[in-house]
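**Student:** Please see the structure below; I have some questions.
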Amino acid sequence: MNSLETRIPPPLVVLVSGALGWGLTALTPGLTISLPGQGALGLLVAALGVAIAASGILAFSKARTTVSPIDPGAATALVVTGIYNYTRNPMYLGMVVMLLGWTIILGHLGGLVGAALFVAYIDRFQIQPEERALQALFGDAFTAYRARVRRWI
């Protein structure tokens, strides 16, 4: 296990990624694109991200299993219904969609850099260790689920 695996809470990674996008926007303001309705569209996309993430949290709550990403080995149930029929990681997917909404609000491709780094970090240091823990906990049931549902979308 790598020392970064499951150590940094994903909401903090989202904030850092969003700040990176904003910083790139501030450093290169000449590359900003302004479109009519861009703020409203960005808020709508971000709200969709919140809804996706919230549906994952709600499913975990109904299954009475931990939502904490720091100790994936503490899971008490393998959640495979609801939004988990479409993505194995709706909370992380929701966070990416929120970052895409932020990118639209910023009107700058620098936001995509932050979103891409979020995906790369979460995939390597959060999702892979979580999947190892779920495999150890739930064995064949997780193997079948992993074969049926994509990691992201």
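**Student:** Considering 77, 133, 147, which residue is over 17 Å from the mean Cα position of the chain (by Cα) and surrounded by 15 or more Cβ atoms within 10 Å (Cβ to Cβ)? Give the steps one after another, and end with the answer.
**Tutor:** Values: 77 fails: surrounded by 15 or more Cβ atoms within 10 Å (Cβ to Cβ); 147 fails: surrounded by 15 or more Cβ atoms within 10 Å (Cβ to Cβ).
Every option except 133 fails the conditions.
**Student:** Related question: Within the bounds of segment 33-44, is there any residue that is farther than 15 Å from residue 104 by Cβ, among the polar types (S, T, N, Q) and either touching an Asp or Glu at 6+ places or on another chain (Cβ under 7 Å) or touching a residue at least 12 places away in the same chain (Cβ under 8 Å) (or both)? Step through it out loud before you land on a result.
**Tutor:** Initial filter on segment 33-44 (farther than 15 Å from residue 104 by Cβ): none.
No; the residues of segment 33-44 include none that is farther than 15 Å from residue 104 by Cβ, among the polar types (S, T, N, Q) and either touching an Asp or Glu at 6+ places or on another chain (Cβ under 7 Å) or touching a residue at least 12 places away in the same chain (Cβ under 8 Å) (or both).
**Student:** Please go through segment 87-100 and pick out each residue that is hydroxyl-bearing (Ser, Thr, Tyr) and surrounded by fewer than 22 Cβ atoms within 10 Å (Cβ to Cβ). Can you show your working first?
**Tutor:** Applying the first criterion (hydroxyl-bearing (Ser, Thr, Tyr)) to segment 87-100 yields 87, 92.
Correct list: 87 only.
**Student:** Only one residue in 103, 65 is under 30 Å from residue 36 (Cβ atoms) and surrounded by 14 or more Cβ atoms within 10 Å (Cβ to Cβ), so which one is that? Let's see the steps before the verdict.
**Tutor:** Details: 65 fails: under 30 Å from residue 36 (Cβ atoms).
Residue meeting the stated conditions: 103.
**Student:** Something else: Would segment 107-123 turn up any residue that is over 28 Å from residue 31 (Cα atoms) and without any contact (Cβ under 8 Å) to a residue 12 or more places away in the chain? If you could, list the steps in order and put the result at the bottom.
**Tutor:** Within segment 107-123, the first condition is being over 28 Å from residue 31 (Cα atoms), and the residues that meet it are 123.
Narrowing the set further to residues that are without any contact (Cβ under 8 Å) to a residue 12 or more places away in the chain leaves none.
Scanning segment 107-123, I find no residue that is over 28 Å from residue 31 (Cα atoms) and without any contact (Cβ under 8 Å) to a residue 12 or more places away in the chain, so the answer is no.
**Student:** Is it fair to say residue 128 is assigned to a helix (DSSP H, G or I), touching a helix residue (DSSP H, G or I) at 6+ places or on another chain (Cβ under 9 Å) and of a type in the set (S, T, N, Q)? Break it down into steps so the answer makes sense when it comes.
**Tutor:** On the way: assigned to a helix (DSSP H, G or I): yes; touching a helix residue (DSSP H, G or I) at 6+ places or on another chain (Cβ under 9 Å): no; of a type in the set (S, T, N, Q): yes.
So residue 128 does not fit the description; no.
**Student:** Another question, if that's okay. Residue check, residue 36 against (1) within 30 Å of residue 136 (Cα to Cα); (2) surrounded by fewer than 13 Cβ atoms within 10 Å (Cβ to Cβ), all met but one. Which one?
**Tutor:** The single condition residue 36 does not satisfy is (1).
**Student:** Would you check if there is a residue in segment 21-37 being under 20 Å from the mean Cα position of the chain (by Cα) and not polar (S, T, N, Q)? Can you show your working first?
**Tutor:** Step one: of segment 21-37, the residues under 20 Å from the mean Cα position of the chain (by Cα) are 21-22.
Narrowing further to those that are not polar (S, T, N, Q): 21-22.
Within segment 21-37, one or more residues are under 20 Å from the mean Cα position of the chain (by Cα) and not polar (S, T, N, Q).
Residue-wise test of (1) charged (D, E, K, R); (2) within 16 Å of residue 114 (Cα to Cα); (3) out of contact with any Leu (no Cβ under 8 Å at 6 or more places or on another chain); (4) part of a helix (DSSP H, G or I).
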residue	(1), (2), (3), (4)
22	no, yes, no, yes
30	no, no, yes, yes
65	no, no, yes, no
68	no, no, yes, no
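**Student:** Applying the selection to segment 70-92, what residues are part of a helix (DSSP H, G or I) and farther than 25 Å from residue 8 by Cβ? Write out each step before concluding.
**Tutor:** The initial filter retains those residues of segment 70-92 that are part of a helix (DSSP H, G or I), namely 72-74, 82-85, 90-92.
Once the filter is applied, which keeps residues that are part of a helix (DSSP H, G or I) and farther than 25 Å from residue 8 by Cβ, segment 70-92 yields 82, 85.
Where a number appears in this text, it was derived from the coordinates with a stated rule and is not lab data. Note that the coordinates shown come from a computational prediction; the quantities given were computed from them, not determined experimentally. A quick note on method: Cβ atoms are made from the backbone with ideal geometry, for glycine too, and the neighbour counts reach across all protein chains shown.
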